[in-house]
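Scroll down for the structure; my scribbles are underneath it.
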Amino acid sequence: MLILGLNMFHADASAAIVQDGEVDFAIAEERLNRVKHYAGFPALAVKACLDAVGARITDVDHVAVGQDSDANLAKKVQYALANPAKILNFIRLRQRKEAMRDVRSLLAKAFDVDPTEFGFREHHLEHHIAHIASAYYCSPWERAAGFSYDGSGDFVSTIRALCEGNEIKVLERIFLPHSLGSFYTMICEFIGYKKYGDEGKVMGLAPYGKDTYCEQVREIIQLNDSAFRLDLSYFMSLGSNQGMQIQADGTVRLARHFSDRMVHFFGEPREPHAEITQRDMDLAYAMQHRFEEVFFHLLQQLHQRVPVEDLVMAGGCALNSVANGKLFHQTPFRRTWIQPAAGDEGLAIGAALHTYHSTLQQPRRYQMKHSYLGPEFSDSRIEAELKQANVSYRKLDREPLLDVVAEQIAGGNVVGWFQGRMEWGPRALGNRSIVAHPGLPDMKDVLNSRIKHREWFRPFAPSILVERQSEYFEYDYPSPFMLHVYKIRPEKRAQLCAVNHVDDTGRLQTVSREENPLYYDLIRAFERRTGIPVILNTSFNENEPIVCTPGEAIDCFKRTRMDVLAIGSYLALKTEN
Ligand SMILES: [Fe+2]
């Protein structure tokens, strides 16, 4: 049975193919059309999914979309009636969504097929249920607490749920305009981070701030017995021209979210590229601090209703790895399974697996043990691309390749590491990565000046052999998808100085041999030379979506001051090119 999952006309449009309950392939459209956070119809992603399993669109049995514009309609109508000025806007939005719901026409056009040839049934699943499904049905658990939170989806910002057997039972929805994601985005915008997806950057800025505004920021989002409420006077009103907007070309734009009240209390907003002041850092600090307080409050309430140790989680806010790393100390939950594509691309997997398990009542067997669900390329294709790009290279067997690359990293060189299937989700986890020495004091500056050009305050991440985690970090719950930040042990901070953030933390990826044998063995080879079972890992790109094809990797190698490219079985050195 073939189920095609889709996230479409929403940021991070994507497709996933589930065959007899197994996720065989999944990819975000941005990796193929190279438009970051692309929010149109994921036609290339659908084609890639079908090619991966050797199927035609007419072979698909079910199409599942992680969006249901009929969900929570009563709440939407209620809000529109209470805010008459917004009614026209709501009607317009709804008409647009109706046009986009016509999955059959969209697929027929993309594949040049007569819709009468389709044999699939169509399913629409509410946004946050799809998020929770993307975590629960990939987890090893038969019973867990489910939590999804983001800016908004189908008029909801948060769902808390009981996940049991094949079912996800919604315990509670938090409706717009009350949204922890909106709170975070609004303050990010105020301090000059105005692009969709900038929130992760500001999370890195937060520890540079001090507790200047925590009390005041608590006013903006207040806790109560059921959940939280925003003080809406700090926000542009919902249904006005505020928040995330999808442009006709599929790009995502954020319009002003904060009201004049923010300016009244905190002064003029920072413009992008202006100098970052102490005020901006202190606001970032207060925002992250309050975010964590509200998050832990919501989880504690959830645990009262679902008193288990296992938590499954997704939604864009679940990428807040700082908060994730602290939840074990701040809540009764002891284990997490967080979807690596916690943002909206994950909806494609969630909708497909929910159709399989809940709608069709098929048994659970699948567990997502790694995130390498994207395309891979043969050595012959890679070699052809190297030749075409006029790059000098040599071919090496597995062990010599690992030795040479480990030697290069140990010597302080920066290596592009392109191997196997591309990662699913926003993190590079050792298949489309740039790797470097984690213990050289100038490595962060070297990477930024030569390749990444990132903001000075953003940390780089460590990949560590999973069994060595507790030697280096103060918490030993594994983080295979780089979704937890933990303190680095004091005695190891110098050894990891290039990945040790200003608050002595690291957003680690734990690597097991089972999940990624080649990457694991590369870290081992590096350890043999340096005594450090850790390498610095950052995504293989330069201000663009992460590279997907060999051609994109080779282009990035040539264009930047990367020293070495290890791509499939081939090694290219900048000094020889
Ligand atoms: Fe979402």
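The values are calculated or read from the model by the stated rules, or taken from the named source; none is laboratory data. Because the structure is predicted, anything quoted here is derived from the model rather than measured. Reconstructed Cβ throughout: ideal geometry from the backbone, glycine too, with neighbour counts over all protein chains shown. Remember, those area values only see protein heavy atoms, side chains included, never the ligands or the DNA or RNA. Shrake-Rupley method; radii C 1.70, N 1.55, O 1.52, S 1.80 Å.
Numerical summary
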quantity: Computed over the range 397-508, the ratio Rg/Rh where both radii use C-alpha atoms and Rh is Kirkwood; calculated: 0.95
quantity: Whole-number percent relative contact order across the range 250-388, with pairs defined as alpha carbons under 8 Å at least 6 apart; calculated: 16
quantity: With DNA, RNA and ligands ignored, accessible area of His10 (1.4 Å probe; Å², nearest 10); calculated: 20
quantity: Surrounding net charge for Pro42, when Lys and Arg each add one and Asp and Glu each subtract one, Cβ distance under 11 Å; calculated: -2
quantity: Debye, to nearest 20: dipole size of the range 165-219, +1 on Lys, Arg Cβ, -1 on Asp, Glu Cβ; calculated: 140
quantity: Dimensions (Å) - the range 403-446, Cα atoms, principal axes, largest first; calculated: 31, 24, 12
quantity: 13 Å beta-carbon shell around Leu401, net charge (K/R +1, D/E -1); calculated: -3
quantity: Apportionment of accessible area to carbon and sulfur, the range 428-577, percent (1.4 Å); calculated: 47
quantity: Cα shape, the range 230-292, gyration tensor, a/c 1.5 rule; calculated: prolate
quantity: Per principal axis, descending, Cα span of the range 511-570 in whole Å; calculated: 32, 24, 22
quantity: Gap separating the Cα centres of the range 384-419 and the range 158-180, nearest whole Å; calculated: 47
quantity: Volume in Å³ per residue [convex hull over Cα atoms, computed for the range 463-564]; calculated: 128
quantity: Inter-label distance for Ala55 and Asp211, nm, one decimal - labels placed 7 Å from Cα along Cα-to-Cβ; calculated: 5.4
quantity: Within straight-line cross-link reach of Lys194, lysines at Cα separation under 21 Å, skipping those fewer than 8 residues along the same chain; calculated: Lys36, Lys452
quantity: Cα gyration tensor shape for the range 330-480, rounded if a/c is under 1.5, else prolate or oblate; calculated: oblate
quantity: Inter-centroid distance (Cα atoms) of the range 1-79 relative to the range 500-546, Å; calculated: 30
quantity: Stokes-Einstein D for the chain, Kirkwood Rh over Cα pairs, 37 °C, 0.692 mPa s (µm²/s); calculated: 135
quantity: DSSP beta bridge pairing in the chain, given as percent antiparallel to the nearest 5; calculated: 70
quantity: Neighbourhood net charge (12 Å Cβ-Cβ; Lys/Arg +1, Asp/Glu -1) for Glu542; calculated: +3
quantity: Convex hull per residue volume in Å³, alpha carbons only, for the range 1-41; calculated: 54
quantity: Dipole magnitude of the chain about its Cα centre (Cβ charges: Lys, Arg +1; Asp, Glu -1), debye to nearest 20; calculated: 580
quantity: Tensor-based shape of the range 197-259 (alpha-carbon gyration tensor, a/c under 1.5 rounded, otherwise prolate or oblate); calculated: oblate
quantity: Coil-residue GluC sites (Glu not before Pro) of the range 436-486, DSSP, other Cβ within 10 Å capped at 16; calculated: Glu455, Glu474
quantity: Ranking by accessible area, most exposed first, for Asp397, Asp61 with a 1.4 Å probe; calculated: Asp397, Asp61
quantity: Kyte-Doolittle at least -1.0, axis length at least 30 Å by Cα - qualifying DSSP helices, the chain; calculated: 278-305
quantity: Rounded accessible area per residue of the chain, 1.4 Å, Å²; calculated: 38
quantity: Probe 1.4 Å - accessible area at Glu309, Å² to nearest ten; calculated: 110
quantity: Per residue convex hull volume, Cα atoms of the range 230-348, in Å³; calculated: 165
